[in-house]
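The values are calculated or read from the model by the stated rules, or taken from the named source; none is laboratory data. Since this is a predicted model, take the numbers as computed values, not measurements. Here the Cβ positions follow ideal geometry from the backbone for every residue, glycine too, while neighbour counts run over all protein chains shown. Just so you know, the surface numbers come from the protein's heavy atoms only, side chains and all, with ligands and any DNA or RNA stripped out. Shrake-Rupley method; radii C 1.70, N 1.55, O 1.52, S 1.80 Å.
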Amino acid sequence: MLDISSTPASLFSLCLDYATTHFATISGDIPKLVKSGVATKIWENLVKQQQLDDNTLPCFFSDAYPLKELNLQNCNKISDTSISLLSKKFTTSLNVVNLSFCTGLTTDAYKILSSTCPSIHTLILNYTSLSDNALQLLASNLPGLKSLSIQGCNSITETSIQKVASRCTELTYLDISYCKSINSNCIKAIASLSSLTYLDISWCSDKEQSVSDSAIQKLAKRCTNFSS
């Protein structure tokens, strides 16, 4: 069994790089490396080097690895298949999910993730191919969502934003910056989220989709908990 948890820092780093590069040869030992924290370090290294895919990800799907926070940022080799598998495996434990820049996912992935893992309270989906329909599904299935970041998701329109505002009433954090279709109706809908403490709407409209002063005034009047 591979055990590198007690090695000096410099040697540990070399061993970690080896484990990442030759993951296929040590993948069977992942369940045994959970307690020492080595499995998590290997996971993080695979994510950093964008080597997690549909073949490597399932190696971490064991009872010894109760996943609570899923970070797959920049893992553009991940498909709906992996999301379906992990959703079913970690139904009750998943709380935080970061799929930013995972451009290979479809609406089906978001549907099964949200319908199977009701404990998710934080979603980070920046610069994904998230569709209006997918966001509506997420809002419907995860009404207890506390934090949502969809920065740069340009397919999002007022239809899904209104759905989020009406369903996810416990939201405290919302980032819709760089979403080019955001308009005054979106802002007015968001104004109903009185629990919001953070909202980023920077660079979220173009010349055709401007936000009116009245919408901003409504937002400021109703959302009084924004932190400085």
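Largest mean-square fluctuation among 194, 114, 214, in a Gaussian network model of the chain whose springs join Cα atoms under 10 Å apart, belongs to 214.
Please identify the chymotrypsin sites (Phe, Trp or Tyr not before Pro) of region 144-228 that satisfy two criteria: DSSP loop assignment and at most 16 other Cβ atoms within 10 Å. Which are they?
Working: sites: 173, 178, 198, 203, 226; in loops: 178, 203, 226.
Of the chymotrypsin sites (Phe, Trp or Tyr not before Pro), the ones in loops of region 144-228 whose Cβ has at most 16 other Cβ atoms within 10 Å are 203, 226.
Using 0.36 nm per residue and subtracting the Cα-Cα separation, the extra length available between residue 129 and residue 40 on full extension is 29.3 nm.
To the nearest 20 debye, what is the magnitude of the charge dipole of the chain about its Cα centre, counting +1 on the Cβ of each Lys and Arg and -1 on the Cβ of each Asp and Glu? Mind dumping the intermediate values first?
Numbers: 18 positive and 18 negative charges, 113 e Å.
Here the chain has a charge dipole of around 540 debye.
The relative contact order of the chain comes to 11 percent, based on Cα pairs under 8 Å that sit 6 or more residues apart.
Which value, in debye to the nearest 20, describes the size of the charge dipole of region 53-172 about its Cα centre when Lys and Arg Cβ atoms bear +1, Asp and Glu Cβ atoms bear -1, and nothing else is charged? Don't skip to the answer; put the middle values down first.
Details: 8 positive and 9 negative charges, 40 e Å.
Charge dipole, region 53-172, about its Cα centre: 200 debye, nearest 20.
Amide H to amide H, with H built 1.01 Å from N, residue 71 comes under 5 Å of 98, counting only residues 5 or more places away or on other chains. Within the accessible area of region 1-149, the carbon and sulfur atoms contribute 53%, probe 1.4 Å, all protein chains present.
Too long at a 23 Å Cα-Cα cut-off: which of 68/111; 48/146; 88/163?
48/146; 88/163
Compared with the dominant principal axis of the Cα atoms in the chain, helix 213-222 is inclined by about 70°.
Length available on full extension from residue 106 to residue 49: 0.36 nm per residue minus the Cα-Cα distance, which gives 18.2 nm. Dipole of the chain computed with +1 at Lys/Arg Cβ and -1 at Asp/Glu Cβ about the Cα centre; of 58, 74, 155, farthest Cα towards the positive end is 155.
For Rg and Dmax of the Cα atoms in Å, the value computed from the atomic coordinates appears in the list [x] 17.6, 58; [y] 19.8, 64; [z] 23.6, 83 under label [y]. Along region 96-110 the Karplus relation, 6.51 cos²θ - 1.76 cosθ + 1.60 evaluated at θ = phi - 60°, assigns HN-Hα couplings of 10, 10, 10, 10, 4, 6, 7, 7, x, 8, 10, 4, 4, 5, 5 Hz to successive residues, with x for each Gly and Pro.
With a Förster radius of 30 Å applied to the C-beta separation of residue 221 and residue 180, the computed FRET efficiency comes to 0.70. In plain terms, the chain from residue 203 to residue 115 could stretch by 28.5 nm, reckoned as 0.36 nm per residue minus the Cα-Cα distance.
The helix-based estimate of mean residue ellipticity at 222 nm for the chain, built from -39,500 (n - 2.57) per DSSP H run of four or more residues and divided by its residue count, is -10500 deg cm²/dmol to the nearest 500. Converting phi to 3J(HN,Hα) with the Karplus coefficients 6.51, -1.76 and 1.60 and the offset θ = phi - 60°, region 135-152 yields 5, 5, 5, 4, 5, 5, 8, 10, x, x, 4, 9, 9, 9, 10, 10, 3, x Hz in sequence order, with x at every glycine or proline. Computed from backbone phi with θ = phi - 60° and the Karplus coefficients 6.51, -1.76 and 1.60, the 3J(HN,Hα) list for region 171-183 is 4, 10, 9, 9, 10, 10, 4, 6, 8, 6, 9, 6, 10 Hz; x is used for glycine and proline. Projecting the Cα atoms of 125, 224, 211 onto the charge dipole of the chain, computed from C-beta unit charges around the Cα centre, puts 224 farthest toward the positive end.
Quick check for me: using +1 on Lys/Arg Cβ and -1 on Asp/Glu Cβ, what's the dipole size of region 30-73 about its Cα centre, in debye to the nearest 20?
Details: 5 positive and 5 negative charges, 48 e Å.
Dipole magnitude for region 30-73 comes out near 240 debye.
Express the accessible area of region 96-144 per residue in Å², computed with a 1.4 Å probe while the remaining protein chains stay in the model.
Details: 1640 Å² over 49 residues.
Each residue of region 96-144 exposes 33 Å² on average to a 1.4 Å probe.
Roughly what % antiparallel, to the nearest 5, for the DSSP beta bridges in the chain? Show your work: numbers first, answer last.
On the way: 1 of 16 bridges.
Counting DSSP beta bridges with both partners in the chain, the antiparallel share is about 5 percent.
With respect to the chain, whose longest principal axis is taken over its alpha-carbon atoms, helix 38-48 is tilted by about 50°.
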